[in-house]
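Below: one structure, written as structure tokens.
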Amino acid sequence: MTVHARTIPVLAEKDVVGQLRSLRAKQPVDFWAFYSSQLNGIVTDPSLMVLPFDDHIVHRGHGIFDTAAIVGGKIYDVDAHLDRFIKSAERSKLKLPCSREEMRDIIVQTAAASGRRDGSIRYWLSSGPGSLELTPAKNAEPGFFVMIFGGLTYPERYYTEGVRVMTTTYPIKAPLYAITKATNYLPNVLMQMEAKEKGFDNGVFIDENGNVGESSNMNVAFVTSGGVLLHPKFDHILSGCTSLRLLELARANQQRAGVAGVEVRDITVAEARASREMLQLGSSIKVAPVVQWDDQVIGDGKPGPVSKALLELLEEDMRSSDRLISIPY
Ligand SMILES: Cc1ncc(COP(=O)(O)O)c(C=O)c1O
């Protein structure tokens with residue numbers, strides 16, 4: 001006779017909703033509004049922000065995503081993020097659910113439904129539900145999901161004292177996967193976990209030629225002893241929208257940024273380690289100074305002037321550039 005430790009209930013619809021609610025009560029989240037093409041609408045109750053398990057984004061990782069920021073009631077640089085989203089979709093052989101304009105409109109409407117004036121937008125495209133196979137199910141419709149949430153936060157000390165990174169022991173993604181913002185973030189997750197376990201804040205991927213790659217969810221850049229802002233080429237790492245914009249801003253405002261020039265090229269580890277400043281750049285971290293890499297101090301071990309100037313340039317751009325669109329609350 002089989003002895004069960006506990007009899008597992010078979011749930012009715014109302015029990016499922018009740019369980020989803022108690023899960024959220026145990027673990028509150030800053031999720032404010034969620035659009036799902038599968039629900040054909042927006043929900044604001046986090047318990048209802050769910051996907052069918054058989055969607056291939058869940059069990060095969062066949063999906064992509066991107067992020068944009070809500071700043072003072074406006075969305076920043078959404079078109080650059082949508083361009084990258086569409087490129088990621090093409091590389092992943094994912095069908096778009098609707099036109100680019102419609103996706104943009106869904107993003108704006110979901111942001112409005114959240115009522116929030118500051119936060120983050122993350123949106124995903126999936127190959128859809130219908131089977132547990134590898135290739136999309138017959139008649140599968142792509143899923144489009146938009147989440148308006150509190151965003152990622154980092155400790156204040158990252159900016160006042162600086163970030164400490166280690167060279168990860170995990171291999172960098174092959175270029176095709178690194179340039180595609182797919183939901184497969186296993187190497188990135190493992191890199192960050194490894195760094196935290198070893199007492200660092202984050203990791204850095206190095207490619208097989210010994211050149212610097214990127215960090216877990218941000219790019220890295222350097223300031224040479226001659227004052228040149230150096231960024232790795234984007235052929236084997238994600239084309240960070242923040243990096244691309246900052247490279248433009250630094251080129252146009254060299255004096256204010258405190259740089260003597262801007263170069264995008266392969267950077268060897270030795271050259272990177274000899275830099276005066278090291279920076280992390282990304283939508284969530286914005287610009288953070290890196291003061292230690294493995295057992296080596298970068299520059300004088302304190303946050304440098306270029307990181308501060310670039311953060312100011314970016315924050316200004318996020319509040320008052322032509323890259324902002326209004327949210328119709
Ligand atoms: C792996 C990786 N590299 C770089 C970035 C920086 O990109 P962005 O500036 O568009 O946030 C991100 C974040 O999206 C990322 O996940």
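The values are calculated or read from the model by the stated rules, or taken from the named source; none is laboratory data. Owing to the predicted nature of the structure, the values given are computational and were not obtained by experimental measurement. We place every Cβ from the backbone using ideal geometry, glycine too, and count neighbours over all the protein chains shown. Ligands, DNA and RNA are stripped out before the accessible areas are found, and what is left, the full protein with its side chains, is counted by its heavy atoms. Shrake-Rupley method; radii C 1.70, N 1.55, O 1.52, S 1.80 Å.
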- Size of the dipole of region 93-194 about the Cα centre, Lys and Arg at +1 and Asp and Glu at -1 on the beta carbon, nothing else charged, in debye to 20? 140 debye
- Farthest positive-ward along region 204-329 dipole, Cα basis, beta-carbon charges - from Val204, Ser321, Ile237: Ser321
- Per-residue [θ]222 nm for the chain (sum of -39500 (n - 2.57) over DSSP H runs n ≥ 4, rounded to 500): -9000 deg cm²/dmol
- Note on the structure: Which residues qualify? For Gly203, with a placed amide H closer than 5 Å and at least 5 residues away or on another chain, they are Met166, Ser216
- Going down the list Lys87/Lys233; Lys26/Lys308; Lys14/Lys93, which pairs span over 29 Å between their C-alpha atoms? Lys26/Lys308; Lys14/Lys93
- Message: Probe radius 1.4 Å, ligands and nucleic acids ignored: give me the carbon and sulfur share of the accessible area of the chain as a rounded percent.
- Response: 53 percent
- For the chain the translational diffusion coefficient, Stokes-Einstein from a Kirkwood Rh over Cα pairs at 25 °C and viscosity 0.890 mPa s, in µm²/s, is roughly 115 µm²/s
- Query: In what sequence, highest mean first, do 73-80, 284-291 appear when ranked by Cβ atoms within 10 angstrom?
  - Reply: 284-291, 73-80
- Roughly how many Å² is the accessible area per residue of the chain, as a whole number, for a 1.4 Å probe? 50 Å²
- Note on the structure: If every Lys and Arg gets +1 and every Asp and Glu gets -1 at its Cβ, then about the Cα centre region 3-100 yields a dipole, in debye to the nearest 20, of 180 debye
- Which one of Tyr123, Ala112, Ala182 is farthest out on the positive end of the charge dipole of region 49-193, using unit charges on Cβ (Lys, Arg +1; Asp, Glu -1) and the Cα centre as origin? Ala182
- To the nearest 20 debye, the chain has a Cα-centred charge dipole, built from +1 on Lys and Arg Cβ and -1 on Asp and Glu Cβ, of 420 debye
- For region 131-138, just list the computed ³J(HN,Hα) in residue order, Karplus coefficients 6.51, -1.76 and 1.60, θ = phi - 60°, integers in Hz, with x standing in for Gly and Pro. 6, 10, 6, 8, 6, x, 5, 4
- Measuring from the longest principal axis of the C-alpha atoms of the chain, the long axis of helix 78-91 (C-alpha) lies at a number of degrees, nearest 10, equal to 70 degrees
- Calculate one ³J(HN,Hα) per residue across region 282-295 by plugging θ = phi - 60° into the Karplus curve 6.51 cos²θ - 1.76 cosθ + 1.60, and present them in order as whole Hz with x for glycine and proline. x, 4, 8, 7, 6, 10, 10, x, 9, 10, 9, 10, 6, 9
- Taking every other residue with Cβ under 13 Å from the Cβ of Gln292 and scoring Lys and Arg +1, Asp and Glu -1, one gets -1
